[in-house]
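Notes follow the structure.
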Amino acid sequence: MFQCFPFIKKRDVGELSPLIFKEERLGNGEMVQARCSRCPQGDGAETESDLRSEPNSQQVICQPHRQRCEINKVNGCIKYIMFLSNFMFTVLGYLLLGIGVWGLIDKESLNSDRISNLSTDPMLVFAVVGVVVGTVSFSGCVGALRENQCLLKFFTAGVLMLATAEIVFGILVYVLRDRIGGYLQNGMILGVQRYQDDPDLRFIMNEIQQGFKCCGVESYQDWQLNLYFNCSSPGVHACGAPASCCINPQENGMVMNSQCGFGALHMEEVTAQDYIYLRGCMSRLTSWLTSNIGSIGTFGVILMVIQVLGLIFATKILSDIELIKAHW
């Protein structure tokens, strides 16, 4: 031990200090610091060769440390892209939910006397879609930001369910493409019949008739199906048509004349064509859908791509988290 550590003071040797290395004399009379070949490298004082090799040894030691630091991080780019995209969809989802709930409350659709018509209420669709989109997007947003596996797995399952539903819906639309016209026609007839009773259906019918410059389903005479516009009705709307059927509803250019369609169903077509549109909306709507089928398909593809990217990002973050846990 004394041979390996020459700075340890021995009792039988008089030395000035226990921290001064012993010296040995070479054959030429030169004094050098004592060494011991039995000392393991690095156990005693550092030699000159140890000092020269120290930077390389530090690099070797630090290299695994840097690799561990890289392993202990989730890909920041993917993490924040997923956070921002899901944040926007969360805002959109809860905005739809707010519109739906506001519409249901404003129309008193949840009252006991109107609850039977809730299934056909368009505001219910806004509320349901808003809840689903908002909840799934919120889980992905917070899950990516907090690197929470539970929320990320919930987001993945939710997106898979949504994508599956969209694929099934697309397949049904393609298979039942010959019946779509009948479903649209039945829906428009329902809108005509409940025009005065349901503000949402009234809004939809007004937008369709004003946008496509049409009136009724097949013709303007379809408004006979409405209880209030029927010619046998005792009200002021009898034998009339809504103002959205009128060719020039704003007669003075500023305020809409809600009575511009009054008595139109009594008139002959030659006379009525000067006041209201005679052609029904069904043919116009079908033509519009046929001409814009490509745009609708493109929108569906873009939506599917966004969902697939969300799944890829969530899977990547989950795999990074599992890798970090494996190196703990």
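Summary table
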quantity: Segment 151-174, subset modelled with pLDDT of 90 or more and either at positive phi or aromatic (Phe, Trp, Tyr) (or both), residue surrounded by the fewest Cβ atoms within 10 Å (Cβ to Cβ); calculated: Phe169
quantity: Matching residues in segment 175-188 - criterion: being in contact (Cβ under 8 Å) with a residue 60 or more places away in the chain and open to solvent by less than 50 Å² (accessible area, probe 1.4 Å); calculated: Gly181, Met188
quantity: Unmet criterion (only one of (1) closer than 22 Å to Glu108 by Cα; (2) in contact (Cβ under 8 Å) with a residue 60 or more places away in the chain; (3) open to solvent by 30 Å² or more (accessible area, probe 1.4 Å)) for Leu145; calculated: (1)
quantity: Close pairs (8 angstrom Cβ cut-off, 6 or more residues apart or separate chains): closer than 13 Å to Ala243 by Cβ in segment 196-213, buried (at least 19 other Cβ atoms within 10 Å of the Cβ) and among the acidic types (Asp, Glu) anywhere; calculated: none
quantity: Residue ranges of helices (runs of 4 or more DSSP H) in segment 189-293 with at least 2 members open to solvent by less than 50 Å² (accessible area, probe 1.4 Å) and not hydrophobic (A, V, I, L, M, F, W, C); calculated: 199-212
quantity: Checking Leu151 against (1) closer than 30 Å to Glu269 by Cβ; (2) in a helix (DSSP H, G or I), the condition it does not meet; calculated: (1)
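The values are calculated or read from the model by the stated rules, or taken from the named source; none is laboratory data. This structure is a prediction, so every number in the text was calculated from the model and none was measured. Cβ coordinates were reconstructed from backbone atoms using ideal geometry, including for glycine residues, and neighbour counts include every protein chain displayed. Please note that ligands, DNA and RNA were not included when accessible areas were found on the heavy atoms of the full protein model with its side chains. Shrake-Rupley method; radii C 1.70, N 1.55, O 1.52, S 1.80 Å.
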